1. Please give the length that would be gained between Phe57 and Ile26 if that part of the chain were fully extended, namely 0.36 nm times their separation in residues minus their C-alpha to C-alpha distance (nm, one decimal).
2. Give me the Kirkwood hydrodynamic radius of the stretch 24-86, using the inverse of the mean 1/r over all pairs of distinct Cα atoms, in Å to one decimal.
3. What order do you get for 69-76, 2-9 when each peptide is scored by the mean count of other beta carbon atoms within 10 Å, highest first?
Amino acid sequence: MKIIKLTSIQYQKRQKVILRTSSGAIEMFCPKCENLQKMFPASQAAQVLHLSEREIFNLVENDNFHIFETADGRLYICALSISNLT
């Protein structure tokens with residue numbers, strides 16, 4: 001009888017997201033977080049998450065982000081909800 005030895009290798013990948021505020025971020029009250037948060041434009045959230053803006057809008061429609069929409073239609077996404085998605 002032949003004995004077979006199996007080895008299991010497990011690893012964990014970690015990623016740290018750093019959001020910079022130089023490109024149109026605003027600070028405002030997030031009703032879902034219930035405190036002041038940085039809010040980033042949808043275009044910057046797409047860059048950080050390596051997604052298209054269309055994918056960002058789909059995630060917004062599926063209620064994956066805390067959002068704020070201005071009167072002129074600009075969409076801002078809460079930094080905490082961006083980091084929670086990664």
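Each reported figure results from applying straightforward, stated rules to the coordinates on display, with no laboratory input. Everything quoted here is computed from the prediction, not taken from an experiment. Cβ sites come from the backbone with ideal geometry, for glycine too, and all protein chains shown count toward neighbours.
1. Difference between extended and current length: 9.3 nm.
2. Answer for the stretch 24-86: a Kirkwood hydrodynamic radius of 11.5 Å.
3. Result, highest mean first: 69-76, 2-9.
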